[in-house]
Amino acid sequence: MSDNFDKDVKIHWCPGCGNYSALRIVKESLTELKFEPKDIVIVSGIGQAGKFPHFMTANFYNGLHGRYLSTALGVKAANPNLEVIAISGDGCTLSEGGNHFLHTIRYNPNITNLISNNSVYGLTKGQASPTSMLGFKTKVQTFGVINEPFNSPAVAISLNASFVARAFVGDIEETKNILKQAIQHKGYALIDMLSPCVSFNKVNTFKWYKENSYYLEDSHNPLDQSEAMKVALNLRKLALGVIYKNPSRPTYEENIQIYNSDSRPLFARDLDKNKLEKLVNTFR
Amino acid sequence: MTRSVNLAISGQAGQGIATVESLLTKALKRSGLNVFASREYMSRVRGGINSTAIRVSSQPVHAFEDRIDILIPLSDEAIPHLQHRMTNNTLVIGEKAFLSMDLLLSFISIEVPFTELAKEIGSILYSNIIALGVISSIFKVERQILHDLIEFTFLKKGDKVIQPNKSAINKGYEIGAELEDKYEILKKFYMNKNPEIKNDLILDGTESIALGAIAGGVQYECFYPMAPSTGIGTFLAQQASKFGLIVDMSEDEISVINKALGASYAGARSLVTTSGGGFSLMTEAISLAGMLELPIVVVVGQRPGPATGMPTRTTQEDLRLVLHAGAGFFPRIIFAPGCIEDSFYLTQKAFDLAQKYQVPVFILTDQYLVDSYYNLPFLNLDSLKNEKFIVKTDKDYQRFKFTKSGISPRGIPGYGEGLVAADSHTHTEAGMISEDPEIREKSVEKRLKKLKLIKDASIPPEFIGDANKIKYQIVSWGSTYYIIKEALDKINRSDIGFLHFSQVYPIHESTKDYLKKAKINIMVEQNPTGQFANLIENEIHIQIDKKILKYSGYTLSVEDIVAQITDAINGGN
């Protein structure tokens, strides 16, 4: 039932790539939430996941490597009426874009951020990514990865991100459910979306993710930051579901004063010449 | 020829020189005297040695002169710092401790115990304000003007601050009157006043650019603080609510430009303000603006580099950087305002052109321009027009449609029935990734066509002089405009012309003819290699004959130009 967002194009991903499921999950979730393609802006960076918007019908901005969260924030700031979904990979988000990842969480724009996380560089053919496990061997990391993996949910929780979840693209319905919550959440919503790379990551396979993850019980209290942090810090058994939520944080757009008195997006506004004239005259 | 009295106030950072400068220039202007002021300061918050130069005249003054007629030292470093600009006739008014220099320098000194007098009023903090009173008295500014300014400036702080400051002003006037009785020399500083200028505007480059941005309809300003451009962001932040614009001080320059482009994609008139170093971080996204055909205005405050260089000093050495920034070929426009008025009008125009041609437009400034100010009668707002270039999209909308002109109608997401794509890859008309050689060629040609349009609409250089008589022609760009103009007035030779560029790229087609009229073209610029001379050579293959280059980090002065032009001409015969 995702025909609205379907696009008749050849998809560039490898057969069996986790991104196919991710694409289906995104399209179906948006359809089920009754969005129209023209309401949606997909913002992406560079990498295999960065090509995402080319394969579905919506407005999109496929920009630079690592910068998509800044772009998404700019789009949302200029027109809060747009539903902004920011998608890119673990390399784009956490390596090239690490600083923007941290600071976008601090701003708390009302956007949904999907990190399609496969723990490897696909587009550049198989180097380690910031989320690759210690010891993961590649053509470049010949003795195995020596850098501590970047734990994006834990970092996000430490920054009091307003919504932090993890999902696995192998579970379509569960992931749709998490994504829909993320989209409907008011504020920055992060989903660390585990998405296997069938070409370059022979360790973190569909089977591996299945065996090394679990769904959070109903007893998990996502409003408790310490409990959430404990869950997020466990990288041996990956928790799936909504790990942390802080619904009390105001969004960036709510904090932008000018929207309090006038909800029109920026493009719909005009210069008030009288005000300018008054201002100029204060310099006499 | 312009006769001015040149006043300098010098002391440490944190001593309130800027406050005195601001009050004094306003007071002089409101009393009917023309003023020009520019400051030089160290990159520190406290201590060091800074100065401000204020020229006072019956005629309009717009440029920096080295010569100091009256110096008010506020620290013992003031005279050593400024001695190269002092003469035998320089009058120094100040504390004994700041006058008794062990220097081989003669000047006229008048001792005034500012600190002691300030203590009598209640705090040494008032010593500057007493000095302000003395100077105002010497220039015969009505005392009420100062009282009004004090009241206005300290309104929020209340009577507790206003009253002692007024007393300090009064004290200054008392001393001023005493000094006048005692020292004949003070009479020569008297100047005729022109009541017509009392109501003039008084603006510095920062304010003028910020006002120009507002006039250009700025809706989204993003920046990271960096001298000498921080002031624009500060100014706009203070006006944001009033004008309904968003000002975002972001985490770094890379996010700054990417946010601004995101906002531009969503239809906002976007501005970023930075300096050479910060701009270097933006270059990848500038190339993205070229690919996505997104309007963006970028103010680049030049400061002497490389790297951190001299943060608070002046230069014209980032033309090359801005001209070439970003991978690949794409059209761009570069302005370099020559004066305060230009700063306003060109900034407004930058927004218009950015929207019209969907290109990045740069405004090159420098510390001298942003920190200088003078009085001017008005800014013309009547003819202001911010044309709307955004179209409502229909179902079949294609963002990058190939058109005859090269410009595709610009749709934005959320306005109309269509979908709006933006793709950093080479893309089809619909914005889809493409590696088709034909699409690539058509896309490049689209960018070439836009460059042609932009070039045809370039601002011609301003020529001053008699085209039929000139043998020599001074060529310059950006903030040196008035310095050179005044120097040429002083030299007063009909065989020297002046050609000034406020648009430095693409240069107007008339440039060739102008340059051919003179036998010897002399470029004046403040960088070590003659960047604009090289640009001209590259673009129109005319060799500039001589270059006057300054790269000390300190601004050219009228005297510098007089001396160097005279030299260049005498050496050239």
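Computed from the coordinates by the stated procedures, all read-outs in this text should not be read as laboratory data. All values reported here derive from a predicted model rather than from experimental measurement. With ideal geometry, Cβ positions are generated from the backbone for all residues, glycine too; neighbour counts draw on all protein chains shown.
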Could you size up the charge dipole of region B:203-376 around its Cα centre, putting +1 on the beta carbon of Lys and Arg and -1 on that of Asp and Glu, and report it in debye to the nearest 20?
260 debye
To make sure I understand the rule: partners must be lysines, Cα under 23 Å from the Cα of B:LYS182, and not fewer than 8 residues away in the same chain. Which ones qualify?
B:LYS96, B:LYS140, B:LYS171
On Cα atoms only, tilt of B:437-456 relative to the major axis of chain B in degrees
40 degrees
Mind checking B:406-414 for the average number of partner chain beta-carbons within 10 Å of each residue's beta-carbon?
4
For chain A, modelled as a GNM with alpha-carbon contacts under 10 angstrom, which of A:GLY135, A:GLY66, A:GLY122 fluctuates the most?
A:GLY135
In the protein assembly as shown, if the dipole is taken from +1 on Lys/Arg beta carbons and -1 on Asp/Glu beta carbons about the Cα centre, which of B:GLN367, A:ASN118, A:PHE5 is farthest to the positive end?
A:PHE5
Longer than 26 Å from Cα to Cα, which of A:LYS125/A:LYS207; B:LYS349/B:LYS485; A:LYS38/A:LYS207 are they? Say none if no pair is.
A:LYS38/A:LYS207
Determine which residues of region B:160-194 fall in the zone a paramagnetic label at B:GLU120 would reach in this model, i.e. backbone nitrogen under 19 Å from the point 7 Å along Cα→Cβ.
B:163-183
Mind telling me which of A:ALA22, A:ALA72, A:ALA58 comes out most flexible in a GNM of chain A, alpha-carbon contacts under 10 Å?
A:ALA58
Quick check on the exposure proxy: order A:VAL280, A:VAL84 from fewest to most C-beta atoms within 10 angstrom.
A:VAL280, A:VAL84
Restricting things to Cα coordinates, could you compute the convex hull volume per residue of region B:4-199 in Å³?
117 Å³
Suppose R0 equals 56 Å; then what is the FRET efficiency for B:GLU509 and A:LYS186 from their Cβ-Cβ distance, rounded to the nearest 0.05?
0.50
Taking each residue in B:209-222, count the Cβ atoms of any other chain within 10 Å of its Cβ, then average. What number comes out?
3
Sum of -39500 (n - 2.57) over DSSP H runs of 4+, divided by residues of chain A (222 nm, nearest 500):
-8500 deg cm²/dmol
For region B:203-376, calculate the relative contact order in percent as a whole number, restricting contacts to Cα pairs under 8 Å that are 6 or more residues apart.
30 percent
Could I get the Rg over Rh figure for region A:3-281? Both from C-alpha atoms, Rh via Kirkwood, rounded to two places.
1.00
For the table A:LYS27/A:LYS202; A:LYS278/B:LYS193; A:LYS278/B:LYS388; B:LYS471/B:LYS546; A:LYS139/A:LYS202, the rows whose alpha-carbon distance is greater than 20 Å are A:LYS27/A:LYS202; A:LYS278/B:LYS193; A:LYS278/B:LYS388
Within straight-line cross-link reach of B:LYS450, lysines at Cα separation under 16 Å, skipping those fewer than 8 residues along the same chain
B:LYS356, B:LYS401, B:LYS404, B:LYS442
FRET efficiency (B:ILE491, A:LYS34; Cβ distance; R0 56 Å; to 0.05) is 0.15
Relative contact order of chain B: what whole-number percent is it, with Cα pairs under 8 angstrom and at least 6 residues apart?
12 percent
For chain A, with only Lys/Arg (+1) and Asp/Glu (-1) charged at the beta-carbon, what is the dipole magnitude about the Cα centre, in debye rounded to 20?
700 debye
Positive-pole candidate from B:ILE108, B:THR315, B:PHE402, dipole of the protein assembly as shown, charges at beta carbon:
B:PHE402
Separation in nanometres of the label points that stand 7 Å from Cα toward Cβ, at A:PHE143 and B:LYS395
6.3 nm
Between A:ASP272 and B:LEU453, what is the label-point separation in nm under the 7 Å Cα-to-beta-carbon projection?
3.3 nm
Report, in degrees rounded to the nearest 10, the 0 to 90 angle that the Cα long axis of helix B:17-30 makes with the longest principal axis of chain B.
90 degrees
In degrees from 0 to 90, rounded to the nearest 10, what is the angle of the helix B:143-153 Cα long axis to the longest principal axis of chain B?
50 degrees
Starting from the Cα coordinates of region B:296-417, work out the convex hull volume and express it per residue in Å³.
151 Å³
Label model pair B:ASN468, B:LYS157: point-to-point distance (7 angstrom along the Cα→beta-carbon line) in nm is 6.1 nm
Under a Cβ-Cβ cut-off of 11 Å, what is the net charge of the residues other than B:VAL558 that fall near it, where Lys and Arg count +1 and Asp and Glu count -1?
-2
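Please sort B:526-532, A:203-209 by packing, taking for each peptide the average over its residues of neighbouring beta carbons within 10 angstrom, highest first.
B:526-532, A:203-209
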Peptide A:272-284, shielding by other chains (average Cβ, 10 Å cutoff):
6
Using only DSSP helix segments of four residues or longer, with each worth -39500 (n - 2.57), what per-residue ellipticity at 222 nm results for chain B after dividing by its residue count and rounding to 500?
-12000 deg cm²/dmol
Rank the residues B:LEU33, B:LEU23, B:LEU448, B:LEU271 as a footprinting-exposure proxy: fewest other Cβ atoms within 10 Å of their Cβ go first.
B:LEU448, B:LEU23, B:LEU33, B:LEU271
If I take every Cα pair under 8 Å that is 6 or more residues apart in region B:1-158, average their sequence separation and divide by the length, what percent do I get for the relative contact order?
23 percent
For B:MET249, B:MET226, ascending order of other Cβ atoms within 10 Å (fewest first) is B:MET249, B:MET226
Lys/Arg Cβ at +1, Asp/Glu Cβ at -1, dipole of the protein assembly as shown taken about the Cα centre: which of B:ALA215, B:ILE334, B:SER43 is farthest positive-ward?
B:ILE334
